[in-house]
Amino acid sequence: MAPWTSADIPDQTGRTVVVTGANSGLGLVAARELVAHGAHVVLACRNTDNGEQAAAAITRDGSPGTTTVEELDLADLGSVRKFAARLDGPVDVLINNAGLMAIPAQRTADGFEMQLGTNVLGHFALTGLLLDQLTDRVVFLSSLMHRIGSIRLDDLNWERRRYQRWLAYGQSKLADLMLAYELEHRFVAAGSPLRSVAAHPGYTATNLQSRTESIQDAIMGLGNRFFAQGPDMGALPELYAATVPDLPGGTYVGPDGWGESSGHPIPVGSTAASHDREVQAALFTACEELTGVTVRVPTTAR
């Protein structure tokens, strides 16, 4: 079969897609391609000025779809709740795209370790709050770095351990993947027609690699220049996960190249740890307790 590209995205006319972090990087490309295929895309951005600029650029070429920009700070559960309350009507697809990578030790407005709070808990709360409006699927963004992660249920927030930025990132991306799997288990158990899937972009050059506030920014900048693929390719796995009509729930999508670092999207595997059903369930419960959002799976889509 020919490699899957953005040209293979089915007509999205009449569909509404929420993309977090849609003002730059992978989220911007995903939003652009979805609008180009007729979708209405809600650009959920922490900085709405940047979001409006992105929306103007997306629609400037006369794309058939439409956009709205809404403020969403995933590092503030109050902002997540306000965003969900403002969002009216059905949402066909939620793409939990936004994220932080290997940043210095910081805390969210709610006191969570910043990568856990933004990459995991903010998206978990958003998903739970929008579930009654969802009609098709939710897409979680993981990473190749989920392979270095481990879920420390006794210290998710790095309160007892010495903070290590890359291990914190690995934990957050493993958590995203495990939550995607656990949510799919719950959909199946409830007889819900909804789907939960996940994707990773391989090694893709984005602005994530310039926020470590360390010498690593320069090193990763060289890697981006000489080894990484561009965001147009890096966004394909999440677009595949969001739009392929018959994609089974629980699918994990990544690039087809060597080591899954680059290439066109295909279903891929993940670590044995990511499939630990007991830890998946315990993590899901921990996220409910930390966010105060109890996820109730509807048995029928809206």
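The values are calculated or read from the model by the stated rules, or taken from the named source; none is laboratory data. The model shown is predicted, which means the values in this text are computed figures rather than measured ones. Positions of Cβ are generated from backbone atoms using ideal geometry, with glycine treated the same way; all protein chains shown enter the neighbour counts. Surface areas here come from the heavy atoms of the whole protein model, side chains and all, with no ligands, DNA or RNA. Shrake-Rupley method; radii C 1.70, N 1.55, O 1.52, S 1.80 Å.
Brief remarks on what is shown
- Residues in the range 218-258 that are among the charged types (D, E, K, R) and at pLDDT 55 or above: Asp232, Glu238, Asp246, Asp256.
- Hits in the range 231-257 - residues which are among the aromatic types (Phe, Trp, Tyr) and open to solvent by less than 10 Å² (accessible area, probe 1.4 Å): Tyr252
- Taken across the range 55-77, residues that are closer than 23 Å to Gly14 by Cβ, among the acidic types (Asp, Glu) and at pLDDT 95 or above do occur, with at least one present.
- The combined condition, being at pLDDT below 95 and assigned to a helix (DSSP H, G or I), is fulfilled by Gln209.
- Filtered residues of the range 114-159 (kept if part of a loop (DSSP other than H, G, I, E, B), of a type in the set (Gly, Ala, Ser) and closer than 16 Å to Leu100 by Cα): Ser142, Ser143, Gly149
- Test: Leu100 is touching a Ser or Thr at 6+ places or on another chain (Cβ under 6 Å), among the aliphatic types (A, V, I, L, M) and under 26 Å from Gly292 (Cβ atoms): yes
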